[in-house]
1. Could you say whether any residue in segment 96-103 is surrounded by fewer than 17 Cβ atoms within 10 Å (Cβ to Cβ), within 16 Å of the chain's Cα centre (by Cα) and in a helix (DSSP H, G or I)?
2. Does at least one position in segment 53-68 carry a residue that is over 16 Å from the mean Cα position of the chain (by Cα), outside any helix (DSSP H, G or I) and over 29 Å from Leu132 (Cβ atoms)?
3. So in segment 70-95, with the set limited to residues that are among the basic types (Lys, Arg) and within 26 Å of Leu173 (Cβ to Cβ), which one is surrounded by the fewest Cβ atoms within 10 Å (Cβ to Cβ)?
4. I'm checking my understanding of the structure. Among residues of segment 122-132 that are surrounded by 14 or more Cβ atoms within 10 Å (Cβ to Cβ) and out of contact with any Ser or Thr (no Cβ under 6 Å at 6 or more places or on another chain), which one is farthest from Leu58 (Cα to Cα)?
5. Can you tell me how many residues in segment 27-42 are part of a loop (DSSP other than H, G, I, E, B) and more than 14 Å from Lys89 (Cβ to Cβ)?
6. Exactly one of (1) in a helix (DSSP H, G or I); (2) within 11 Å of the chain's Cα centre (by Cα) is unmet by Phe45. Its number?
7. Can you tell me which residue within segment 136-169, out of those that are among the aliphatic types (A, V, I, L, M) and outside any helix (DSSP H, G or I), is surrounded by the fewest Cβ atoms within 10 Å (Cβ to Cβ)?
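The values are calculated or read from the model by the stated rules, or taken from the named source; none is laboratory data. The structure displayed is predicted, hence computed values, not measured ones. Cβ coordinates were reconstructed from backbone atoms using ideal geometry, including for glycine residues, and neighbour counts include every protein chain displayed.
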Amino acid sequence: MKYGYVALEGLIGAGKTTVARRLAAHFQGRLVLEEFEDNPFLPRFYADPGRYAFSVELSFLAQRYHQLKRTTEQDLFSQCTVADYSLGKSLVFAKVTLPEDEYALFLDLYTIMYGDLPAPELVVYLHLNMDLVRERIRMRGRAYEQDIDVNYLERLQERYLDHLQKLTRSQVLVVDIG
């Protein structure tokens with residue numbers, strides 16, 4: 001594989017984990033999967049976003065940092081590494097969910113924590129239309145995801161596309177899958 005570190009991105013249900021598994025298997029690379037189930041605030045966030053936005057984003061920030069730090073300590077570039085998320089995911093979600101003052105604090109913490117971690121050489125964004133996103137969320141069957149507001153998903157999609165245009169340390173490939 002041409003790239004030593006590839007990250008998949010996309011909305012909820014885009015197929016990031018499935019594609020990451022297949023790429024890692026095909027290229028006999030290391031697979032890094034987001035540990036979202038370990039975030040105790042996620043179900044509460046979907047039930048009451050205003051109350052739990054900062055908690056859920058801070059928890060994800062810490063989880064992703066620890067996971068990627070462990071990965072880099074294992075020599076991230078010794079082989080191909082494929083992850084089902086990128087470092088910038090935290091910024092994308094925080095920009096959508098947090099008020100400006102909390103986002104400013106979050107950005108400071110993000111900058112401190114992620115400053116020494118390598119960026120993916122390639123970020124692959126799996127782009128879906130909203131009807132397909134909603135169908136996939138329904139099919140996954142996670143109770144706390146079933147009532148996600150489509151406006152929230154649309155704002156995430158817009159923020160992702162904006163974020164990807166501003167990446168300077170990674171090449172970007174947008175794949176339209178429906």
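1. No - not one qualifying residue is present in segment 96-103.
2. Looking for residues that are over 16 Å from the mean Cα position of the chain (by Cα), outside any helix (DSSP H, G or I) and over 29 Å from Leu132 (Cβ atoms), one finds none in segment 53-68, hence no.
3. Restricting to residues being among the basic types (Lys, Arg) and within 26 Å of Leu173 (Cβ to Cβ), the top hit is Lys95.
4. Here the answer is Leu132.
5. Final tally of qualifying residues: 5.
6. (2)
7. Among those residues, the one meeting the criterion is Leu167.
Matching residues to (1) over 22 Å from Leu42 (Cα atoms); (2) not aliphatic (A, V, I, L, M):
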{"position": "Leu117", "(1), (2)": "yes, no"}
{"position": "Glu135", "(1), (2)": "no, yes"}
{"position": "Val150", "(1), (2)": "no, no"}
{"position": "Glu154", "(1), (2)": "no, yes"}
{"position": "Tyr160", "(1), (2)": "no, yes"}
